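Have a look at the structure below before the remarks.
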Amino acid sequence: MSQNITVLGLESSCDDTAAAVVRRKDGTDAEVLSSIVWGQEGLHAAFGGVVPEIAARAHAERLDLCVEQALEQAGLTLTDVDAIAVTAGPGLIGGVISGVMCAKGLSIGSGKPLVGVNHLAGHALTPRMTDGVEYPYLMLLVSGGHCQFLGVHGPDQFTRMGGTIDDAPGEAFDKTAKLLGLGYPGGPLIEEEAKNGDPKRFRFPRPLLDRPDLDMSFSGLKTALRRARDTLVAEKGGLTVQDRADLCASFQQAVADTLAEKSRRACIAFGKPVETPVLAVAGGVAANSLIRSALQDVAANEGFQFLAPPLKYCTDNGAMIAWAGLERFVGGECDDLTLSARPRWPLDKAAAPMLGSGKKGAKA
Ligand code: KG4
Ligand code: ZN
């Protein structure tokens, strides 16, 4: 007998208000029936980063509309879904609370089970939703708020192999863009500027490559760029268009080199539990062509298959939360109304707590 499982997913942990409906048919691949993402970039652009209070208010105002649209686009009503999944952390606490409260209301009103999802699990399990990747696989999560290598062994089995000890790479892109008077979010703008720049003109540090572990650091890189900028300004009274392009290209190259070398080491540390293991990537920084192709080369050299899900599922979205909730739900797990919103929620319960915090608060 065939069994369809359909889950509604809500996401509101940072600056995207999102809802989606995902269905798995009889244990086969997932189908994303709808995915609505209402980005808040416009609300935060003037501040050069996410303002938590503005984000939380916007989520509270828009979540129900996103849910309505997601159900409508899927051609379903709440009675048709089997469970309601929601990001319960980690993230900006005001936004997470908005999502959890909304999901609880929907669960009470419809009588459907509530499933709390770790946002990082949502990212980490995305390759299973998009490409049906089998466990175990290696994941590099690189976004504005997160940066870590994860061994993914099951829906709730993650090994955190290393990660940033301060800024996430996306955060470094955003802060660097701000230093150079570019807009927000900085990643795409720096990538664009870098097209006309010389990546070798400035030799920025490749942080922590002298350490054998898989930890990374990106805040010093941003400081090095600021010094280079200040030196140029002191010498010439300002930056030329070429200076800016060269700074962007050199910065981008340093991030790409660092991520590539640490990924090479992560592949080696992950080993070969299957003949051709998968190195998957998620998070907004995976949109960067230079970084993407550097990771692709690393994977090829190490005998790994490289997998980058479509960008709309790499960045924050409701479908990944619906899918991660679906995996928990079919494993017999769900939550009740005591589900709480958590600003910190490490995926790997055995890993040492992370240092540092950034624009999205304490790192998980
Ligand atoms: O995954 P995401 O949408 O949101 C979270 O941070 O969770 O990632 C957004 C981040 C921003 O910091 C943005 O600057 C960065 O991803 N980003 C990029 C690029 N596109 C987005 N970084 C580098 N190059 C890009 N093309
Ligand atoms: Zn995210």
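Taking only segment 46-70 into account, find how many residues are small (Gly, Ala, Ser) and over 19 Å from the mean Cα position of the chain (by Cα).
Step one: of segment 46-70, the residues small (Gly, Ala, Ser) are 46, 48-49, 55-56, 58, 60, 70.
Subset that is over 19 Å from the mean Cα position of the chain (by Cα): 46, 58, 60, 70.
Count: 4.
Which residues, counting only those in segment 207-229, are of a type in the set (Lys, Arg) and surrounded by fewer than 18 Cβ atoms within 10 Å (Cβ to Cβ)? Quick ask: steps written out before the conclusion?
From segment 207-229, those of a type in the set (Lys, Arg) are 211, 222, 226-227, 229; that's our starting set.
Result: ARG211, ARG226, ARG227.
Considering every residue within segment 37-59, establish whether at least one is more than 15 Å from ligand 2 (Cβ to nearest atom) and within 20 Å of SER107 (Cβ to Cβ).
Taking every residue of segment 37-59 in turn, none turns out to be more than 15 Å from ligand 2 (Cβ to nearest atom) and within 20 Å of SER107 (Cβ to Cβ).
Does LEU114 qualify as being at pLDDT below 95 and more than 16 Å from ligand 2 (Cβ to nearest atom)? Can you show your working first?
Working: at pLDDT below 95: no; more than 16 Å from ligand 2 (Cβ to nearest atom): yes.
So LEU114 fails the test.
Residues checked against (1) within 12 Å of ligand 1 (Cβ to nearest atom); (2) in contact with a Pro (Cβ under 6 Å, 6 or more places away or on another chain); (3) farther than 20 Å from THR77 by Cα; (4) of a type in the set (Phe, Trp, Tyr):
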| site | (1), (2), (3), (4) |
| --- | --- |
| GLU11 | yes, no, no, no |
| LYS25 | no, no, no, no |
| TRP38 | no, no, yes, yes |
| LEU43 | no, no, yes, no |
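Identify, please: which residue in segment 311-334 is within 15 Å of ligand 1 (Cβ to nearest atom) and β-branched (Val, Ile, Thr) and is, among those, modelled with the highest pLDDT?
By that ranking, first place goes to ILE321.
Are there any pairs with C-beta distances below 7 angstrom linking a residue in segment 120-134 that is within 20 Å of HIS146 (Cα to Cα) to a residue that is part of a loop (DSSP other than H, G, I, E, B) and away from ligand 2 (no atom under 15 Å from the Cβ), with the two at least 6 apart or on different chains, and if so which?
Correct list of pairs: LEU125/PRO155; PRO127/VAL133.
Please specify each residue of segment 259-277 satisfying the condition of being surrounded by fewer than 23 Cβ atoms within 10 Å (Cβ to Cβ) and under 18 Å from the mean Cα position of the chain (by Cα).
ALA260
What residue, among those in segment 278-310 that are within 12 Å of ligand 1 (Cβ to nearest atom) and of a type in the set (S, T, N, Q), is surrounded by the most Cβ atoms within 10 Å (Cβ to Cβ)?
Restricting to residues being within 12 Å of ligand 1 (Cβ to nearest atom) and of a type in the set (S, T, N, Q), the top hit is ASN288.
If ALA254 meets every condition in (1) among the hydrophobic types (A, V, I, L, M, F, W, C); (2) surrounded by 21 or more Cβ atoms within 10 Å (Cβ to Cβ); (3) within 16 Å of ligand 2 (Cβ to nearest atom) apart from one, which number is that one?
For ALA254, the failing item is (3).
The values are calculated or read from the model by the stated rules, or taken from the named source; none is laboratory data. The structure displayed is predicted, hence computed values, not measured ones. Quick reminder, even Gly has a Cβ in these numbers, built from the backbone with ideal geometry, and neighbours come from all protein chains shown.
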